[in-house]
Amino acid sequence: MSLLGLYKSRVAAGEIETDADQAAVMTRLAILAGDMEAEGTGLLARLRKKPAPRGIYLHGGVGRGKTMLMDMFFAGVKVEAKQRAHFQGFMQDVHGRLHRARKSAQDAIAPVAVAIAARAKLLCLDEMQITDIADAMIVGRLFAALFTHGTIIVTTSNLAPEELYRDGLNRQLFAPFISLMRERLDVVALEGGTDYRLGRVKAYETFITPLGPAADAKVQELWLKLTDTEVGEAMELDLLGRRLRVPQAAHGCARFSFAELCGAALGPADYLAIARNFRTVFVENIPALTAAQRNEARRFVMLIDTLYDAKVRLAASSAKASEGIYPGGDHRFEFDRTVSRLKEMQSTSWWGKKIVET
């Protein structure tokens with residue numbers, strides 16, 4: 001069965017909803033699959049020196065089905081030398097390879113690109129997101145070398161190419177990579193506003209109390225519903241040369257403990273970076289704060305204000321309901337506003353009508 005036929009059969013079976021924009025993307029992916037299968041990816045294809053088919057940069061909002069479409073393409077395309085990876089995991093592997101290659105080569109990127117291209121004539125990368133200056137300085141030369149060796153790249157991202165590494169350190173040095181993406185890949189937008197993952201969490205609590213094994217299980221279930229992932233990938237955000245660790249990230253969601261966000265010495269720049277890079281933030285194990293915990297309370301106020309202003313969705317587990325988290329202390333006045341915002345951020349209108357309509 002063709003890729004487009006497979007997609008239509010899943011729609012007919014009720015496994016996925018009818019979506020004209022997804023169907024258009026699958027048609028484009030099916031054309032690429034046909035071109036690759038007709039061209040071949042072995043020695044004879046390389047000897048013919050025909051230009052490789054153009055890859056695809058697929059971007060769109062969280063939950064639009066980008067990963068599903070890429071995975072259907074990857075599973076269905078009849079190419080032996082292919083690799084599929086999460087972008088962050090791929091870059092971690094690249095950094096490890098570069099570290100080893102530098103022991104014997106002046107230009108470490110060249111042999112690393114050769115090794116990757118040898119095993120991946122098709123490279124599918126999920127959730128491209130450049131937040132680290134080390135990645136930003138490497139990815140352009142690496143991708144250029146992969147294209148030279150004939151690797152075809154299909155990648156998904158929540159961001160258009162021009163939005164990658166926005167506000168990053170020395171971003172002007174990253175600009176050639178954006179031009180390279182436009183030159184070598186067809187940039188395809190998955191339009192429409194339906195976030196299909198949100199439909200899975202209707203009637204779910206998003207602010208869970210009290211703490212305990214039951215709350216942990218509910219948070220994990222909500223995380224799985226929104227990310228299709230048991231455990232997210234650890235990653236780092238670059239803040240003008242300083243790095244902020246994200247313990248788990250997947251499909252536009254980030255997962256932290258209260259201690260990691262508000263017990264550590266973080267500030268507005270950290271919270272703004274999180275809000276800019278993720279559409280849903282999980283904050284686990286919010287304690288009942290005492291009056292003496294004024295620093296933790298102040299950071300929590302800043303965190304919620306930042307997420308609220310950026311329209312980020314919040315999923316949390318807490319020892320107390322929102323009004324009981326910080327009943328008295330130096331930041332009581334500010335915390336009254338935080339309580340109001342926490343209540344609003346639990347509403348279906350905040351999360352989106354799709355929760356109650358699906």
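I'm told V112 meets every condition in (1) closer than 30 Å to G5 by Cβ; (2) of a type outside the set (S, T, N, Q); (3) at pLDDT 95 or above except one. Can you identify the failing condition by its number?
(1)
Tell me which residues, restricted to region 136-151, are open to solvent by 10 Å² or more (accessible area, probe 1.4 Å) and at pLDDT 90 or above. Spell out the reasoning first.
Let us first name the residues in region 136-151 that are open to solvent by 10 Å² or more (accessible area, probe 1.4 Å), namely 137-138, 140-141, 144-145, 147-150.
Within region 136-151, I138, G140, R141, A144, A145, F147, T148, H149, G150 meet the criteria.
Would you pick out the residues in region 89-108 that are in contact (Cβ under 8 Å) with a residue 24 or more places away in the chain and either charged (D, E, K, R) or open to solvent by 10 Å² or more (accessible area, probe 1.4 Å) (or both)?
Pass one, region 89-108, residues in contact (Cβ under 8 Å) with a residue 24 or more places away in the chain: 89-91, 94-95, 98.
Selection gives G89, H95.
Return yes when G252 is closer than 20 Å to Y165 by Cα and not hydrophobic (A, V, I, L, M, F, W, C) and no when it is not. Please lay out each step first, then the result.
On the way: closer than 20 Å to Y165 by Cα: yes; not hydrophobic (A, V, I, L, M, F, W, C): yes.
Spelling it out, G252 is indeed closer than 20 Å to Y165 by Cα and not hydrophobic (A, V, I, L, M, F, W, C).
Among the residues of region 155-179, how many are in contact with a helix residue (DSSP H, G or I) (Cβ under 6 Å, 6 or more places away or on another chain), of a type in the set (A, V, I, L, M) and touching a residue at least 40 places away in the same chain (Cβ under 8 Å)?
Total meeting the criteria: 1.
Any idea how many residues of region 241-254 are open to solvent by less than 20 Å² (accessible area, probe 1.4 Å), modelled with pLDDT of 95 or more and either over 16 Å from D132 (Cβ atoms) or in contact with a Leu (Cβ under 6 Å, 6 or more places away or on another chain) (or both)?
Result for region 241-254: 0.
Residues being more than 12 Å from E191 (Cβ to Cβ), out of contact with any Ser or Thr (no Cβ under 8 Å at 6 or more places or on another chain) and not basic (K, R): count how many of those fall in region 53-64. First the steps, then the outcome.
Start the filter on region 53-64 by keeping residues that are more than 12 Å from E191 (Cβ to Cβ), which leaves 53-57, 62-63.
Next cut, out of contact with any Ser or Thr (no Cβ under 8 Å at 6 or more places or on another chain) only: 53-54.
Still in the running and not basic (K, R): 53.
Residues in region 53-64 being more than 12 Å from E191 (Cβ to Cβ), out of contact with any Ser or Thr (no Cβ under 8 Å at 6 or more places or on another chain) and not basic (K, R): 1 in total.
Identify the single condition in (1) hydrophobic (A, V, I, L, M, F, W, C); (2) at pLDDT below 85; (3) surrounded by 21 or more Cβ atoms within 10 Å (Cβ to Cβ) that V281 does not satisfy, given that it satisfies every other one.
The number of the failed condition is (2).
In region 109-130, which residues are farther than 14 Å from G168 by Cβ and open to solvent by 10 Å² or more (accessible area, probe 1.4 Å)?
Once the filter is applied, which keeps residues that are farther than 14 Å from G168 by Cβ and open to solvent by 10 Å² or more (accessible area, probe 1.4 Å), region 109-130 yields I109, A110, P111, V114, A115, A118, R119, K121, E127.
Condition test on I133, is it touching a strand residue (DSSP E or B) at 6+ places or on another chain (Cβ under 8 Å) and open to solvent by less than 50 Å² (accessible area, probe 1.4 Å)? Can you show your working first?
Details: touching a strand residue (DSSP E or B) at 6+ places or on another chain (Cβ under 8 Å): yes; open to solvent by less than 50 Å² (accessible area, probe 1.4 Å): yes.
It is true that I133 is touching a strand residue (DSSP E or B) at 6+ places or on another chain (Cβ under 8 Å) and open to solvent by less than 50 Å² (accessible area, probe 1.4 Å).
From the list A316, A273, which one is closer than 15 Å to I208 by Cα, among the small types (G, A, S) and under 23 Å from the mean Cα position of the chain (by Cα)?
On the way: A273 fails: closer than 15 Å to I208 by Cα.
Selected residue: A316, the only one of A316, A273 that is closer than 15 Å to I208 by Cα, among the small types (G, A, S) and under 23 Å from the mean Cα position of the chain (by Cα).
Please tell me if K78 is among the charged types (D, E, K, R), over 20 Å from A189 (Cβ atoms) and touching a Gly at 6+ places or on another chain (Cβ under 7 Å).
Values: among the charged types (D, E, K, R): yes; over 20 Å from A189 (Cβ atoms): yes; touching a Gly at 6+ places or on another chain (Cβ under 7 Å): no.
Here the answer is no, as K78 does not meet what is asked.
Taking the conditions exactly as written (in contact with a Leu (Cβ under 9 Å, 6 or more places away or on another chain), aromatic (F, W, Y) and surrounded by 15 or more Cβ atoms within 10 Å (Cβ to Cβ)), does F207 satisfy them or not?
Yes: the conditions hold for F207.
Looking only at region 165-182, which residues are assigned to a loop (DSSP other than H, G, I, E, B) and at pLDDT 90 or above?
Here is the first cut: in region 165-182, the ones assigned to a loop (DSSP other than H, G, I, E, B) are 165-170, 174.
Scanning region 165-182 gives a single hit, F174.
Given G263, G232, G212, which one is modelled with pLDDT of 90 or more, open to solvent by less than 50 Å² (accessible area, probe 1.4 Å) and within 18 Å of the chain's Cα centre (by Cα)?
Working: G263 fails: within 18 Å of the chain's Cα centre (by Cα); G212 fails: within 18 Å of the chain's Cα centre (by Cα).
On inspection, the qualifying residue turns out to be G232.
Can you tell me how many residues within region 300-346 are closer than 27 Å to E221 by Cα and touching a Cys at 6+ places or on another chain (Cβ under 9 Å)?
Of the residues in region 300-346, the ones closer than 27 Å to E221 by Cα are 300-301, 303-325, 338-346.
So of that shortlist, the ones also touching a Cys at 6+ places or on another chain (Cβ under 9 Å) come out as 300, 303, 313, 315.
Going through region 300-346 one residue at a time, the tally reaches 4.
Considering only region 15-35, how many residues are surrounded by fewer than 15 Cβ atoms within 10 Å (Cβ to Cβ) and closer than 12 Å to G76 by Cα?
0
The values are calculated or read from the model by the stated rules, or taken from the named source; none is laboratory data. Please read these numbers as outputs of a predicted model, since none were measured by experiment. As a convention, Cβ positions derive from the backbone with ideal geometry for all residues, glycine included, and neighbour counts pool all protein chains shown. SASA here: full protein model, heavy atoms, side chains in, ligands and nucleic acids out. Shrake-Rupley method; radii C 1.70, N 1.55, O 1.52, S 1.80 Å.
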